[in-house]
Amino acid sequence: MNVYSRACRRFYRKEKAVKDYSWKESYNLGVPIIDRAHKKVFSVIQKMVNLLDEEDFLKHQHACIEGMKYVSSHMETHFQEEEEYMRSVDYANYEIHKRQHDRARYELFPALEADVARSGFDKESIRRLLGIGIGWLTAHMNEDLAIVGRGVNYQIYKDIPNQVAFIEKLSEVVIRVAEGTFQEKVRLLDENYRGQDFGDSISFECLYRSADGKQSLRMIVILEKRFVMFSTGMLFGEAFKEMNEMVVSASEEMTQMLFAQISSQFRNEENAMKLIRNQKIGTEIVREYLEKKPPAYGLLFGTDYGYFAMCAYYT
């Protein structure tokens, strides 16, 4: 939709005065039309976050609905502008980037909006939408930076001679992508991680299947909660004291985007893996996986604010 409704216009006039905590100068591409669009979306989301924190949420519920309409309308226009710019500079990874746009415009955000509508626009459903929205946007900004030669440096790795070489390349890619996603310095601590406890954590699973259905890849990421609280707090511009729905949703979406960016650099065009399921899983399920069978590879990474691990299972 390219024409804003009157409600969306009213909401945008209101949001101009809101201080934008979540935008960082490091997100600037140096392409004015794209940078302005990114700032607008971040600002609207920040206003909606502020409204959720108000004691009388029902009083501000309508403004949140207007904000959702605005973001939906504005993002479609922005996707078109960004895709036009990528074509104008012959961006090499245009198709990869456009697939992320198409997932957002045709699958992710329509499904989230439908869930919010079914819930009667309650606070928790809006909180989840905002968490996933800002998680997606923040991770996607890393890919946007690649358009101008920064951020994720796409290099397709094929015919890697052995497992040691693969782990080395994979670690390099994970560090590069994770630093862009989480905005934190990341270092590899253990390339043979097998589930050793590193504190209170939250886990997510991404299940992929090959196009011919013959192979599946189960990726599990384990995030220390203090790392999650810090990294998402940096995104939202506030210190979180609990793992609420918004924090969990943002982490879940950033994890899925992180896997997508990593896997795109090890892809097999003839039989590409497709995401089948992305979900939060309990600690007991993770422990069961790790105790039953060692992962094909397990990597433990550290930051100044906590740890995260990635494990892979092929079937």
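At an R0 of 30 angstrom, the distance between the Cβ atoms of Leu275 and Asp304 translates into a FRET efficiency of 0.45. Note on the stretch 163-314: Rg/Rh from Cα positions, Kirkwood definition for Rh, rounded to two decimals, is 0.95. Shown is the FRET efficiency for Lys98 and Lys292, computed with R0 = 41 Å from the Cβ-Cβ distance and rounded to the nearest 0.05: 0.55. Can you compute the label reach from Glu191? Point 7 Å from Cα along the Cβ direction, backbone N cut-off under 16 Å, restricted to the stretch 299-315. Of the residues in the stretch 299-315, 299-302, 310-312 have backbone N under 16 Å from the label point off Glu191. Each peptide in 304-312, 292-300 receives the mean, over its residues, of other Cβ atoms within 10 Å, and ordering these scores from highest gives 304-312, 292-300. Other residues whose C-beta falls under 12 angstrom from the C-beta of Glu83 contribute a net charge of -3, scoring Lys and Arg +1 and Asp and Glu -1.
Counted residue by residue at 0.36 nm each, then reduced by the alpha carbon distance between them, the extension gain from Met243 to Glu172 reaches 22.6 nm. Lys-Lys pairs in the stretch 163-314 that are eight or more residues apart or on separate chains and whose Cα atoms lie under 22 Å of each other come to 10.
Taking every alpha-carbon pair in the stretch 62-153 and binning the separations at 10 Å intervals from zero gives 15, 46, 26, 12, 1 percent.
Going from the fewest other Cβ atoms within 10 Å to the most, the residues Glu252, Glu81 appear in the order Glu81, Glu252.
Bear in mind that the values in this text are calculations on the coordinates, not laboratory data. As the structure is a prediction and not an experimental result, all values here were calculated from the model. Virtual Cβ from ideal backbone geometry, glycine too; neighbours counted across all protein chains shown.
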